[in-house]
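**Q** Take a look at the following structure, please.
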């Protein structure tokens, strides 16, 4: 893959058991020198509130909040759909720091530019 190629991981669920896969895969891609981006939309935004993210912890994995923070610290961009925020009625809500709130069209642009797209 060339430097501009990337894998896009899209999270649509707020199910705690589905939260780890896109982050683990994005971190693994980065470790393989492959760029990765993660995009949250719809109900998935519910897990991006600090108190929700800190409460999710499955098995021997770190908390979901720790996973988000590690993903961001690796330089992996995490996008949040503004339209989904509006759909949930969230005018003013505190989300995890470092997430990028973007327009719905950004998902289309990312999907068109990505070398591969995986949905969760």
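**Q** From the list 110, 95, which residue is in contact (Cβ under 8 Å) with a residue 40 or more places away in the chain, over 26 Å from residue 56 (Cα atoms), touching a strand residue (DSSP E or B) at 6+ places or on another chain (Cβ under 9 Å) and surrounded by 15 or more Cβ atoms within 10 Å (Cβ to Cβ)?
**A** Of 110, 95, the one residue that is in contact (Cβ under 8 Å) with a residue 40 or more places away in the chain, over 26 Å from residue 56 (Cα atoms), touching a strand residue (DSSP E or B) at 6+ places or on another chain (Cβ under 9 Å) and surrounded by 15 or more Cβ atoms within 10 Å (Cβ to Cβ) is 110.
**Q** Is it fair to say residue 42 is surrounded by fewer than 13 Cβ atoms within 10 Å (Cβ to Cβ), under 23 Å from residue 6 (Cβ atoms) and touching a helix residue (DSSP H, G or I) at 6+ places or on another chain (Cβ under 6 Å)?
**A** no
**Q** Only one residue in 118, 87, 74 is closer than 20 Å to residue 27 by Cβ and free of Cβ contacts under 8 Å to residues at least 60 places away in the same chain, so which one is that?
**A** Every option except 74 fails the conditions.
**Q** Looking at (1) free of Cβ contacts under 8 Å to residues at least 60 places away in the same chain; (2) buried (at least 20 other Cβ atoms within 10 Å of the Cβ), find the lone condition where residue 27 falls short.
**A** Residue 27 satisfies every listed condition except (2).
Every number here is computed from the coordinates shown, using simple stated rules; none is lab data. All values derive from a computational prediction rather than experimental measurement. Don't worry about glycine lacking a Cβ; one is built from the backbone with ideal geometry, like all the others, and counts go over all protein chains shown.
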